[in-house]
Amino acid sequence: MIVSARDQIALMARYHGWATERLLKSIAPMPDDLYRKQCGLFFGSVHGSLNHLLLADSLIWYPRLSGGSVISRPLDAEIESDRAALESRLIIATAQWPRLIESLDEIALSGDLHFVMTTGQPRILSMAAALFHVFNHATHHRGQITAAMSMMGFEYEPLDLPQLIYSELA
C-alpha cells in the first residue's frame with residue numbers, strides 16, 4: 001500500500017522505467033522510415049519524441065533534482081541519432097530515478113527546488129511536484145508516441161500504471 005508522497009513518487013519512478021522499456025519493445029519492429037517519419041507529434045517523429053524524453057530526463061530534470069549541471073540544448077535537439085544507442089540511453093536514464101528517490105527522505109521531498117528554466121526564468125517548485133512533473137511529462141510523450149503508432153498500424157503493449165502494480169503483486 002502507498003502511504004506517503006515518497007512511496008507514490010517511488011512508484012512513479014518505477015513506472016517511468018517500466019513503461020519506457022515496454023514502449024521501446026513495442027517500437028522495435030517499426031521500420032526506420034516510419035520511426036523517423038514526421039507524423040505530427042510535437043517533436044515530429046517517434047525518434048524526435050524519444051530524443052526529447054532523453055533530453056528532458058538526463059540533461060535537464062535529473063541534473064536539476066540531483067544537484068548536477070543542466071546542459072543547455074534546444075528542447076527539440078537530437079541527442080542521439082543512432083536508434084539502438086538512443087534506446088540504451090533511455091533505459092539508463094529511466095533507471096537512475098528510483099536510486100535518486102531512494103536517496104531522498106520526506107524532508108528533502110517536502111523542500112523546494114530552485115532552478116532556472118531553459119528560457120532563463122528562475123522558478124521554484126517543491127521537490128515532490130518537480131518529480132511528479134518528470135514522470136507525468138514522460139507519460140504525456142509516451143501517449144503521443146502510442147497514438148502515432150496506432151495511426152501507423154502498429155500495436156503496442158498497454159502502458160497503464162495498474163499493469164505495473166498488478167505485475168508487482170504477482
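Here, each number is a calculation from the coordinates, and none is a lab measurement. Every value quoted in this text rests on a predicted model; they were computed, and no experiment measured them. Glycine gets a Cβ as well: all are built from the backbone with ideal geometry, and neighbour counts include every protein chain shown.
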With Cα coordinates, the longest principal axis of the chain makes an angle with the long axis of helix 5-27, in degrees rounded to 10, of 10
Length gained when the stretch Met151-Ala84 is fully extended (0.36 nm per residue, less Cα-Cα span): 21.8 nm
Taking amide hydrogens as modeled 1.01 Å from N in the peptide plane, which residues meet the under 5 Å criterion relative to Ser126, leaving out close sequence neighbours? Leu113
Run a plain Debye calculation on the range 27-127 (Cα atoms as equal point scatterers, no solvent) and give log10 I(q)/I(0) at q = 0.20, 0.21, 0.23, 0.25 Å⁻¹, rounded to two decimals, same order as the q list. -1.04, -1.10, -1.21, -1.32
Count neighbours as other Cβ atoms within 10 Å of each site's Cβ, and list the GluC sites (Glu not before Pro) in the range 69-170 that are DSSP loop with at most 14 such neighbours. Glu155
Nearest 500 deg cm²/dmol is fine: what mean residue ellipticity at 222 nm does the chain get from its DSSP H runs of n ≥ 4 alone, each adding -39,500 (n - 2.57), divided by its residue count? -18500 deg cm²/dmol
Enumerate by residue number the chymotrypsin sites (Phe, Trp or Tyr not before Pro) in the range 123-168 meeting two conditions: DSSP loop (anything except H, G, I, E, B), and at most 14 other Cβ atoms within 10 Å of the site's Cβ. none
Given [x] 21; [y] 16; [z] 25, the label whose value is percent of Cα pairs over 29 Å apart derived from this model: [x]
Rounded to 10°, Cα long-axis angle of helix 127-151 versus longest principal axis of the chain: 10
Put in order of increasing Cβ neighbours within 10 Å, starting from the fewest, Ile79, Ile124, Ile91, Ile145 give Ile124, Ile91, Ile79, Ile145
What does the charge count around His16 come to, taking other residues whose C-beta lies under 12 Å from its C-beta (Lys +1, Arg +1, Asp -1, Glu -1)? +1
Alpha-carbon gyration tensor eigenvalues x 5, square-rooted, for the range 12-76, Å: 24, 16, 8
Before anything else, pin down the relative contact order of the chain: Cα pairs under 8 Å, at least 6 apart, normalised by residue count, whole percent. 31
At most 16 other Cβ within 10 Å, DSSP loop - chymotrypsin sites (Phe, Trp or Tyr not before Pro), the range 27-123: Phe42
